[in-house]
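Working notes, beginning with the structure itself.
The values are calculated or read from the model by the stated rules, or taken from the named source; none is laboratory data. Nothing here was measured: the structure is a model prediction, and the numbers come from that model. Because the Cβ atoms are built from the backbone with ideal geometry, glycine has one as well, and the counts that use them run over all protein chains shown. Surface accessibility is based on the protein's heavy atoms, side chains included, excluding ligands, DNA and RNA. Shrake-Rupley method; radii C 1.70, N 1.55, O 1.52, S 1.80 Å.
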Amino acid sequence: MKGIKRVITLKVNGDVHEVETYPNRTLLEVLREELSLTGTKEGCGEGACGSCTVLLDGNPVRSCLLLAIDAQDREVTTIEGLADGSRLDPLQDAFVEHHAIQCGFCTSGMILTARGLLNRHPHPTEDQIKLALSGNACRCTGYTKIIEAVKSVTEGRG
Ligand code: FES
Ligand code: FES
């Protein structure tokens, strides 16, 4: 039993969307299935892997754990909205430059988690970077290159 559909208003990457959906749909489901923003990935679906991370008012949240209805009146940023026009976020450039991407499944969540950290602390220590990313799983790169990529941005070498 999903209940009765209702129209919710979401602001995503600066655009306002009216979406007719069930009240028990997660933000992850609505982003991917209703708004076709498939850069946000579903890994575990239960808050453990971080691959579904998006920014909510600039702070990282797990979109698989948040009801879309609860994201109303907030600013949602997905990986599709991180670039400024054709100019990538420095973290996106750094991940490419430092070979911090292999299959790319974890990358959106990693970058948005790191962006959330840098929004709060522009010059974090390596330990703060590791702590911030500790809830994001990557099955490919082994983390060293990911941490190097984030560090390069914090040190102005992005
Ligand atoms: S899919 Fe949300 S934390 Fe894994
Ligand atoms: S690059 Fe493949 S899971 Fe991280």
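The rows are residues; the columns are (1) among the hydrophobic types (A, V, I, L, M, F, W, C); (2) out of contact with any Ser or Thr (no Cβ under 7 Å at 6 or more places or on another chain); (3) within 16 Å of ligand 2 (Cβ to nearest atom).
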residue: Gly14; (1), (2), (3): no, yes, no
residue: Pro23; (1), (2), (3): no, yes, no
residue: Val30; (1), (2), (3): yes, no, no
residue: Lys41; (1), (2), (3): no, no, yes
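Matching residues to (1) of a type in the set (Val, Ile, Thr); (2) surrounded by 21 or more Cβ atoms within 10 Å (Cβ to Cβ); (3) assigned to a helix (DSSP H, G or I); (4) within 15 Å of ligand 1 (Cβ to nearest atom):
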{"residue": "Ser36", "(1), (2), (3), (4)": "no, no, no, no"}
{"residue": "Cys44", "(1), (2), (3), (4)": "no, no, no, yes"}
{"residue": "Ala48", "(1), (2), (3), (4)": "no, no, no, yes"}
{"residue": "Pro60", "(1), (2), (3), (4)": "no, yes, no, yes"}
{"residue": "Ile69", "(1), (2), (3), (4)": "yes, no, yes, no"}
{"residue": "His99", "(1), (2), (3), (4)": "no, no, no, no"}
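Among residues of the stretch 92-110 that are more than 20 Å from Leu131 (Cα to Cα), those with a beta-carbon under 6 Å from a residue that is near ligand 2 (Cβ under 9 Å from one of its atoms) and open to solvent by less than 30 Å² (accessible area, probe 1.4 Å) at least six positions away or on a different chain give the pairs Gln102/Thr141. A residue that is of a type in the set (Lys, Arg) and under 12 Å from the mean Cα position of the chain (by Cα) cannot be found anywhere in the stretch 28-35. Could we say that Glu20 is more than 15 Å from ligand 1 (Cβ to nearest atom) and open to solvent by 50 Å² or more (accessible area, probe 1.4 Å) here? Yes. Checked against the criteria, Glu80 does not count as acidic (Asp, Glu), surrounded by 13 or more Cβ atoms within 10 Å (Cβ to Cβ) and either at positive phi or within 15 Å of ligand 2 (Cβ to nearest atom) (or both).
For the stretch 125-138, check the following and say yes or no: at least one residue is at negative phi, exposed (fewer than 15 other Cβ atoms within 10 Å of the Cβ) and touching a Lys or Arg at 6+ places or on another chain (Cβ under 7 Å). Checked the stretch 125-138: at least one residue is at negative phi, exposed (fewer than 15 other Cβ atoms within 10 Å of the Cβ) and touching a Lys or Arg at 6+ places or on another chain (Cβ under 7 Å). Note on the stretch 102-124: residues that are within 12 Å of ligand 1 (Cβ to nearest atom) and either touching a Lys or Arg at 6+ places or on another chain (Cβ under 8 Å) or at positive phi (or both) amount to 4. Residues of the stretch 110-137 that are within 9 Å of ligand 2 (Cβ to nearest atom) and part of a helix (DSSP H, G or I): Met110 alone.
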